[in-house]
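In what follows, a structure is listed as structure tokens, so that the remarks can point back to it.
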């Protein structure tokens, strides 16, 4: 995405890779990395009950005792058997963790990465009658759209590795003329302003441009490694735009999801993932952009509050902030994860949080407030999920919710306390293993839905789903209300699911 200065909105290099050094040293011949001969195994005791786990061959003797051995290194390719032993008033529930831990028997295959198994025990003591869960009337979730109503805000030039597509849908019952203006990241118009994109887009029809056809139609050449954005100027209502970006790895990312006031889950400069904050000024005047950066875990302000991010961001321009530039702008040392609150201006900005993960550009811009959908349980092997809860208020909050199975029944306790105390401006990340503990739920297959019952405002949610096969992470927070767009047909390269 390139280098720039904190107050310079004319960005000349938007490649995702850092610039090459001035001169390259001669290649150094390094010996091949030796194959591992041992592999560490870690066992953790989880759940509402008590118990212990031993291994065959000997090594693991894990419990809650001080002298317990829960981590042990075994020779590679050892055939392992883990045996759970329930404590008083408890029984063994299930295994979780790495995929091989499903039944406690596996072979320690060759890997540089250690293996982790969770042993879950549940309480069986019924001397104290359990509290009957109360099923409150859940707060009705307000799903947010996965399309934009104004434009396509991320269209990289032809010298970038990926490909961009814009799908413009007329959701009305009458044909419409569609016009738009394409802006370079510096705010200048590319081609002809108010170009007629579709003279007559039929009712409920979708028109498609890719990057090359859009440039040709609007009367401009490619914009190289830079970024452009498309402002749809007419009609004012009834259009939906889906801005898609296919990476070099053929991973498809939805770039339609933009924020207006804050960006969450920003990785620091020392993290494996590279993060870039894009700030688009959609107004007709230059603006000064200020913001406050909060540390994700503690909620503390990083550097200077209300720091100047851009002295003057040109009208229709895109400002780019890498983690290093954001550190310089607010005056702070590198962090792991943070979130950025824009304090001025309060309107006419579009924000994007783009993450470079395993060579794939992903859009982490979107969060929700009331509900998360499509949460895979620990028994689902192809995906895992992490849920990030961010308190955007100045007061600590308790977070409660209800977890629904895909078939509609409540999983575990209703109105369960998910987080006892979430500090002001802090973020907490929980896995589905944590959800099983907090809701006192059995593991579930398929998918679940989380509905937040407390608080009613000030909380932001982000659901990040990781493919266990490829390691790719996707922001699964956004859902549609009454329409879905870009559903692939049978035989298409892409596969689609409707939930």
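Coordinate-derived values only; no laboratory data. Being a predicted model, the structure only gives us computed values, none of them experimental. FYI the Cβ positions are ideal-geometry reconstructions off the backbone, even for glycines, and counts take in every protein chain you see.
Can you tell me the length gained on complete extension of the stretch residue 67 to residue 336, counting 0.36 nm per residue apart and subtracting the Cα distance? It would help to have the intermediate numbers written out before the result.
Values: separation 269, 0.36 × 269 = 96.84 nm, distance 3.31 nm.
Result: 93.5 nm gained on full extension.
In whole Å, what are the extents of the range 57-122 along the principal axes defined by its C-alpha atoms, from largest to smallest?
Projected onto its principal axes, the Cα set of the range 57-122 covers 38, 25, 18 Å.
Rg(Cα) of the range 218-273 divided by 2.2 N^0.38 Å?
The value comes to 1.53.
Would you please classify the overall shape of the range 51-91 from the alpha carbon gyration tensor, given that a ≥ b ≥ c denote the square roots of the eigenvalues, rounded means a/c under 1.5, and beyond that prolate means a/b larger than b/c while oblate covers the rest?
Because a/c hits 1.5 or more and a/b fails to exceed b/c, the range 51-91 counts as oblate.
Could you tell me the center-to-center distance, by alpha carbons, between the range 256-330 and the range 165-189 in angstrom?
26 Å
Using all C-alpha to C-alpha distances in the range 213-306, build P(r) with 5 Å bins and read off the rounded percent in each one.
2, 7, 12, 19, 20, 15, 12, 7, 4, 1, 0
To the nearest 0.05, what FRET efficiency results for residue 234 and residue 269 with a Förster distance of 41 Å applied to their C-beta separation? Could you put the intermediate results ahead of the total?
Working: r = 42 Å, r/R0 = 1.03.
Between residue 234 and residue 269 the formula returns 0.45.
Please report the Cα spread of the range 344-398 along all three principal axes, rounded to whole Å, starting with the longest.
44, 36, 16
Run the numbers for residue 38 and residue 407: contour at 0.36 nm per residue of separation, minus the present Cα-Cα distance, in nm.
Contour length minus the Cα-Cα distance gives 128.5 nm.
Arrange the following residues from fewest to most other Cβ atoms within 10 Å of their Cβ: 242, 352.
242, 352
For residue 429 and residue 79, what does the FRET efficiency come to when R0 = 30 Å and r is the distance between their Cβ atoms, rounded to the nearest 0.05?
Details: r = 35 Å, r/R0 = 1.15.
According to the calculation, E is roughly 0.30.
For the range 158-240, how big is the tail of P(r) above 22 Å, as a whole percent of Cα pairs?
Numbers: 848 of 3403 pairs.
Everything past 22 Å amounts to 25 percent.
Neighbour counts of other C-beta atoms within 10 Å: give me 173, 324, 437 arranged from fewest to most.
The most exposed by this proxy come first: 173, 324, 437.
How many angstrom lie between the Cα centre of the range 193-208 and the Cα centre of the range 377-425?
So the separation of the two Cα centres works out to 42 Å.
Run the simple label-point estimate for residue 348 and residue 379 please: 7 Å along Cα→C-beta, distance reported in nm.
The modelled label-to-label distance comes out at 5.5 nm.
Using a Förster radius of 41 Å, what is the FRET efficiency between residue 396 and residue 308 based on their Cβ-Cβ separation? Nearest 0.05, please. If you can, show how the numbers build up before the last one.
Working: r = 30 Å, r/R0 = 0.72.
The value I calculate is 0.85.
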